[in-house]
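Data first, discussion second: the structure below is written as C-alpha cells.
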Amino acid sequence: MNNIKAHHLKKLQAGIITAIEAGELQLKLIEMGFMDGQLIKLLHKSIGGKTLCFEVGNAYIGLRKKEAALISVLIQE
Amino acid sequence: MKKTNLYLIGNPNVGKSSIFNKLTGLKQSVGNFAGTTVEKKIGKVTIGEENYQIIDLPGTYSIFGNTEDEKITTKQIINTEQETDIFLYVADANSLFRNLLLFSQICNYGVPIVLIINQWDTINEQNIKFSVDELSSQLGIEVIAFSTKSKSIKAIEQAILNTKKEKKTCEYFNNLKQPNLNIENRKIAANYTLDCYQSVGKLMQNNEVTQSKKFTEMADKILMHPLWGLIIFVGVLFILFQTLFSLSSFPMDAIENFFNTLSIATSDFLPKNSLWSKLIIKGIIPGLSGVFVFTPIIALLYILLSGLEETGYMSRVSFLLDGLMRKIGLNGKSIIPMVGGFACAIPAMMSARTISNKKDRLITLLITPLMSCSARLPVYTILISLLALKSTYLASYQTLIFLVLYLSGILFAIIVALIFKSILPADKSGFFILEMPQYKKPSIRNIMQTTVNKTVEFLKKAGIIIFIVSIGLWVLTNFGPPKKMAAIESSFPLNNEEINPKKDSTILSNSYAAILGKKIEPVIKPIGYDWKIGIAIIASFAAREVFVGSLSTIYASQSSSDNHQVLHKLKNATSENGLPTFSIATICSLLVFYMFALQCFSTIAVMRRESGKIKWALIQFLYLGVLAYGSAFLVYQLLK
C-alpha cells in the first residue's frame, strides 16, 4: 500500500482517495465527486499528457496535473 | 391568483433542454435574467386547464457555483415562492449519486419539487436495483423515470399537478443545516457538501444504479486517444463541411430560382417606370433574396453543430486538445466557442463563460470572430462562384477553397492568441475541471427545434437590417444632386414602356452613392475595389451578410437584362475602363478582407459585455480591421 498524488497514477491504475488538499479547489473537487473513500482510476491522457481523465463515482472528469496533484490516492503496489 | 412558475434545474448536460423542448413545443422565447447577460429560456405549457410558465435555469453542480450563470440558479433557489413555484429537478440516471447532491441542497430550502430521473432508457434494466415508487415514498415527492425518447410527457404533467395540489416538499434531507452561502468560508461549504453527500449516500445505499458504460468506454479508447482522437477530430470537421456544401446546394438553387421568378412576375405586374416598382424590383427583392438564399446552409450548419454537441463528443475534444491549446495561450474549453464560432460568434462568445481563467477567457473572446461564421458563407459562396472554376471540378474546388478559408481563420486565431498570450499579464487563477458525459444519441426533435429557433432569429435580424439597408441603398443609388438628376431626365426621352439601361447607369454614376463611393475610393483602390464595392462594404458594416444583397441592389440599378440572379449581374459587371470589376485579384482580396474584418455590430456589443470593458471591444475591432486591410492589400498587390 502506498499513498501517491493522483497525477502520478499510471494509465488504467486505480486507487482509493484518501484526502483532498484544503484550499480554493477543495469544494469544487468534492462537488464533482472526488471524496475520501471513492475509487479513482486514470483512464486517458490528453495530447502532450498534461491533462488527465479520471473515472470517479460513475463520472468521467478531466483535470490538469496541477488540480490532480491536490488529490491523495492510496494504491496497492 | 399568481401564476405557477416551473423551474427546470439540474447539473449541466443532464438533458434539461430536451425536457424543456418536449414540454413547451415551439411556445418558447429567449430573454435575459434581470440585470444579467445570462440567457433565460422561457416557455409556456398548459396542463389541464391551467397555464404555466416554465423557466430553464443554468446547469450547476451545487448551490456554491461561482460563475454568473450558476449564481442565477442559486439566487432562484433562495428566492423561490414556496406557495406558487415548483422545481423540476432533472437528474441523469447514469450518475445519480453525484446528481443528487444539488437535489439534496435544494430540498433543504423546502420548495415543492419533482424529481425526474432522465436517460432511464440508457441503463440496463437488470442493473436497476430499485423501484421508482420506493424512492418516491422515501423522499415523499413525485419521482419519475424518464427518457427523452419517450413520446409522452403525461407522467411529468401529472406529477406537476399532484405536487401543486399537495404542495409536496422533500423532507428527507431535513437533518442538514441550511448553509451559509458565503463562499469565502470554503471549509464550512466543503463540510456541508460532504454532509449532503453522506445523506445522499444513505438514500442510495439500496438504490444505486450500476450501469453498463461499455459503449462509452469503447468509443473513448479511440476518440480520446492522443493520436487517433486528433485524426478523427480533423476528419469530423472535414466531413462536417463537405456535408454542409453538398447538401445545401440544391435547396439554395431552388430559393434563388424562386426569387428570380418572383422578381420577373413582379416586374410584369407593376408599372414599369414608377419609383415604387423600381424600389421593390431593384431594391427590396434582390436584397431579401441575398439573405434567404443562404437559409439552407445556415440551418444545416446549426443542425450539424448542435448534433455534434448533443452527442457529448465536444467535451472529449476539449479534453484532448487542452495541452495544445495551453501552448498558444488558450484552454481546452476554448474549443467549444471556437467551433461554435463557425455558426455564430455571439452565442459562441457567451459559451466562453465556462473558462474560469480570466486571461484564457479574454484571449478566447478576442479570437472567436476569426472563426468563419455562417454570415460569411453568403459572401464566400458568391465570391468563390465568381472565380468561375472549371465546372466539372467546381464542387470539389469550392470545398477546397472553403477549407483554406476556414483553416486560415484557425491559423490566424493561433497566431493572434500567441501574440496576446505574450502581451497580457499572466493569470494563475482558474482551473480546468471538465465532466465528460456519456455518449448520447442526439435527439432529432431537439436539434430541429434549436435549428428552427436560431435560423428564424438569424432571418429576423438579418432580414430587418437588409430591408432597411436595401431601401437606404436604393435611395442613395437612385437619387443625386437635383440639378444633375434633372439634366439626366431631360437628356433621355420619356419612355414609359421600357427601362432604359443607359439612363439607369448614368443615374447611378451621378447618384449620392457614387459621390460617397468616390470619396472613399482612394482608400479602397489599393486593395482592388471600385466605389461600388466600397459602398457594399460600408453597407455591410453592421452585418456582413448584407454585402451580397447590397452588391445585388447596386448592380441591379444598371442591369439591362431580365436575369435577376446576383451571380450573373456580378459576372457581367465592368469598371469604367471596360475590364471586369471582379478580377481574380479583387475577388481574392475581398475573400481575405471578409475573413478578418469585424463587420458585425452584435459581436462588438457582446465583446463589450463579456469582457466587461469597451476597451477590449475596440481593440478587437481595430486589430481585425488592420488585419483585414493589410492582408487584402498584400493579396491584391501580389495577384493583380
ask   = Out of every Cα-Cα pair in segment B:77-116, what percent are more than 12 Å apart?
value = 56
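Under the √(5λ) rule applied to the eigenvalues of the Cα gyration tensor, what semi-axes describe the equivalent ellipsoid of the protein assembly as shown? Give them in Å, descending.
Details: eigenvalues 594, 171, 93 Å².
Ellipsoid half-lengths, sorted descending, are 55, 29, 22 Å.
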Descending semi-axes in Å of chain B, equivalent ellipsoid built from Cα gyration tensor = 53, 27, 22
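So, R0 is 41 Å and r is the distance between the beta-carbons of residue B:490 and residue B:255; what FRET efficiency does that work out to, to 0.05? All intermediate terms of the calculation are to be shown ahead of the outcome.
On the way: r = 42 Å, r/R0 = 1.01.
That pair, residue B:490 with residue B:255, gives E of 0.50.
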task = Treating the Cα atoms of segment B:228-423 as identical point scatterers in vacuum, please give the log10 of the normalised Debye intensity I(q)/I(0) at q = 0.11, 0.16 Å⁻¹, two decimals.
result = -0.60, -1.03
request  = State the extension gain, in nm to one decimal, for the chain segment bounded by residue B:154 and residue B:541, taking 0.36 nm per residue of separation less the distance between their alpha-carbons.
outcome  = 134.4 nm
All lysines inside 19 Å of residue B:484 as judged from Cα atoms, apart from same-chain residues fewer than 8 positions distant = B:502, B:503, B:518, B:519
query = Along its principal axes, what span do the Cα atoms of segment B:449-550 show, with the longest given first and each in whole Å?
reply = 57, 40, 19
ask   = residue B:238 versus residue B:427, label points 7 Å from Cα toward the beta carbon: distance in nm?
value = 3.6
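Is there a simple number for the mean count of other chain Cβ atoms within 10 Å of the Cβ of residues in A:59-69, and what is it?
On the way: counts 11, 15, 6, 14, 6, 9, 1, 3, 3, 0, 0.
What the average comes to for A:59-69 is 6.
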note = Straight-line reach check, residue A:11, cutoff 15 Å on alpha carbons, 8 or more apart in-chain or any other chain, hits among aspartates and glutamates -> A:55, A:77, B:217, B:220
note = Tilt, helix B:376-386 to longest principal axis of chain B (alpha-carbon atoms), in degrees rounded to tens, equals 40
note = Over chain B, the sum of -39500 (n - 2.57) across DSSP H runs of at least four, divided by residue number and rounded to 500 deg cm²/dmol, gives at 222 nm -19000 deg cm²/dmol
note = Among segment B:332-373, those whose backbone N falls under 18 Å of a label point 7 Å along Cα→Cβ from residue B:403 are B:372
query = Over the Cα atoms of segment A:2-75, what is the Rg over Rh ratio if Rh follows Kirkwood?
reply = 0.91
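Magnitude of the Cβ-charge dipole of chain B, K/R +1 and D/E -1, about the Cα centre, nearest 20 debye? Kindly include the intermediate steps, with their values, before the conclusion.
Working: 63 positive and 44 negative charges, 251 e Å.
Roughly 1200 debye, rounded to the nearest 20.
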query = With axes computed from alpha carbons, what is the tilt in degrees of helix B:358-367 against the longest principal axis of chain B, rounded to the nearest 10 within 0 to 90?
reply = 30
ask   = Relative to the Cα centre, what is the charge dipole magnitude of chain A, using +1 at the beta carbon of each Lys and Arg, -1 at the beta carbon of each Asp and Glu, and rounding to the nearest 20 debye?
value = 420
remark   = Across B:222-229, the residue-averaged tally of Cβ atoms belonging to other chains within 10 Å stands at 3
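Using the structure shown, list the pairs from A:50/B:359; A:41/B:454; B:41/B:167; A:65/B:40; B:75/B:460 with a Cα-Cα distance above 30 Å, or answer none. Intermediate results must be reported in sequence, preceding the final value.
Numbers: A:50/B:359 19 Å; A:41/B:454 40 Å; B:41/B:167 25 Å; A:65/B:40 35 Å; B:75/B:460 33 Å.
Check vs 30 Å cut-off fails for A:41/B:454; A:65/B:40; B:75/B:460.
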Length added when fully stretched, residue B:67-residue B:49, from 0.36 nm per residue minus Cα-Cα = 2.7 nm
key: When segment B:5-210 is reduced to its Cα atoms, the Kirkwood hydrodynamic radius in Å   = 17.3
query = Helix B:96-107: angle to the longest alpha-carbon principal axis of chain B, degrees 0 to 90, nearest 10?
reply = 80
query = How about residue B:164: which aspartates and glutamates have a C-alpha closer than 17 Å to its C-alpha, ignoring those fewer than 8 places off in the same chain?
reply = B:49, B:50, B:81, B:83, B:85, B:142
note = Farthest towards the positive end of the dipole of segment B:5-210, among B:116, B:156, B:20 and with Cβ unit charges of +1 on Lys and Arg and -1 on Asp and Glu, lies the Cα of B:20
ask   = At q = 0.12, 0.13, 0.15 Å⁻¹, what is the log10 ratio I(q)/I(0) for segment B:446-639, with the Debye formula run over Cα points and no solvent?
value = -0.70, -0.81, -1.02
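Laboratory data are not the source of any read-out in this text; all were calculated from the coordinates shown. The model shown is predicted, which means the values in this text are computed figures rather than measured ones. Neighbour counts are summed over all protein chains in view; Cβ atoms, including those assigned to glycine, are modelled from backbone coordinates with ideal geometry.
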